[in-house]
Amino acid sequence: MIHLQDVLELDFAFLETFTKRINTPWGALFFNNEQPTHYDSNHAHISESSEDPAVVIDEVINFYQSRKVIPRFYIYNIDKQQKLLTALSKTGFQYEELISPVQLWNNQIAKRLSSDDITIEKVTSENYQAAFEIECSITEFGGKEAGEQVFETQFHHPAFTHYLLKYKGVASSTACVFTDGNQARLESVATLEAFRGKGLVGELIHYIQNEVSKQGVSKLWVFPINESIEKVYQKYGFETVQKLTMGHAFLGGKSIKEIQGK
């Protein structure tokens, strides 16, 4: 059985590669002063209920506003958070709920297509710009402004490996893998719009599955941003083991659904 805390621990390890964390009695504060508009870098995480949510809200507002950052919460275990949600509404926070599928690879590698049109390589300083432009062109990821510094940080971090797929010699798709111990997480799978519908994502995923198998990774996870993309990953051996409902409360800016174009 997959427990929420196990999933969150992997998520925390991922987040801490590009942001800082301060643990609190009620959860955690994530912040990156150099990336103030990046939501994942700057939010309060809450998974346990609080007896005095007004105090928590005041603490979060003061923390982020002192850094000139919009206060926001990522809230889990929604069924236990009614006091907090009521207090957030009274304080003027906007609110949305997102369903986040959690998928685990079944360790079965499908055979790749044999095509001279497709080549896959690791991202290096030589092809960095091509990979960067693909990933930051995807509006669902927040676009160039939100992703530029995060991409650079991840590229230089030893826990990340980025991959670039070229179709007929043209850079077309990217993905990266975050490794933490014997677990890994597939991230930032992206294909330029002009090259979609050619099965390139599947080719890239199959290649990465082979790579992590060689490295002895026992669990390969993926966290699709919506249920539609969840179905795509199911084609490539990822089984949905849980669906998390996350609340996003924010005092300004766009909702996550707006950014993702929902």
(message) Using a 1.4 Å probe on the protein heavy atoms, what percent of the accessible area of the chain belongs to carbon and sulfur?
(response) 47 percent
(request) Tally the DSSP beta bridges in the chain and give the antiparallel ones as a percent, rounded to 5. (result) 85 percent
(message) I need the shape label for region 8-86. Rule: rounded when a/c is under 1.5, else prolate if a/b > b/c, else oblate, with a, b, c from the alpha carbon gyration tensor.
(response) oblate
(message) Quick check: the distance between the Cα centres of region 241-258 and region 151-225, to the nearest angstrom?
(response) 24 Å
(request) Sum -39500 (n - 2.57) across every DSSP H segment of at least 4 residues in the chain, then divide by the residue count to get the 222 nm mean residue ellipticity, nearest 500. (result) -9500 deg cm²/dmol
(request) Give the shape of region 156-262 as rounded, prolate or oblate, defined through the alpha-carbon gyration tensor: a ≥ b ≥ c are the square roots of its eigenvalues, a/c under 1.5 means rounded, and otherwise the shape is prolate if a/b is larger than b/c and oblate if not. (result) oblate
(message) Could you tell me the relative contact order of region 137-243? Use alpha-carbon pairs under 8 Å, at least six residues apart, and round to a whole percent.
(response) 19 percent
(request) Give the angle, between 0 and 90 degrees and rounded to the nearest 10, that separates the Cα long axis of helix 53-65 from the longest principal axis of the Cα atoms of the chain. (result) 60 degrees
(message) Viscosity 0.692 mPa s, temperature 37 °C: what is the translational diffusion coefficient of the chain from Stokes-Einstein with a Kirkwood Rh over Cα pairs, rounded to a whole number of µm²/s?
(response) 169 µm²/s
(message) If I build a Gaussian network model for the chain, linking alpha-carbon pairs within less than 10 angstrom, which residue out of Ile78, Ile208, Ile22 has the largest mean-square fluctuation?
(response) Ile22
(request) Report, in debye and to the nearest 20, how large the dipole of the chain comes out about its Cα centre when Lys and Arg carry +1 and Asp and Glu carry -1 on their Cβ. (result) 400 debye
(message) Greater than 29 Å separation of Cα atoms is the criterion. Which listed pairs, Lys231/Lys254; Lys20/Lys254; Lys68/Lys90; Lys68/Lys243, meet it?
(response) Lys68/Lys243
(message) So for region 1-92, averaging the separation of alpha carbon pairs under 8 Å that are six or more residues apart and normalising by length, what relative contact order in percent results?
(response) 23 percent
(request) State the antiparallel share, in %, of DSSP beta bridges confined to region 162-262, rounding to the nearest 5. (result) 75 percent
(message) If I take every Cα pair under 8 Å that is 6 or more residues apart in the chain, average their sequence separation and divide by the length, what percent do I get for the relative contact order?
(response) 26 percent
(message) Which aspartates and glutamates, if any, have their Cα less than 15 Å from the Cα of Lys257, not counting same-chain residues under 8 positions apart?
(response) Asp40, Glu96, Glu97, Glu140, Glu227
(message) List the lysines whose Cα sits under 23 Å from the Cα of Lys122, skipping any in the same chain fewer than 8 residues away.
(response) Lys111, Lys144, Lys166, Lys168, Lys198, Lys214, Lys219
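The values are calculated or read from the model by the stated rules, or taken from the named source; none is laboratory data. Since the model is a prediction, treat every value here as computed from it, not as a measurement. Cβ coordinates were reconstructed from backbone atoms using ideal geometry, including for glycine residues, and neighbour counts include every protein chain displayed. Side chains are part of the model used for accessible areas, which takes the heavy atoms of the whole protein and leaves out ligands, DNA and RNA. Shrake-Rupley method; radii C 1.70, N 1.55, O 1.52, S 1.80 Å.
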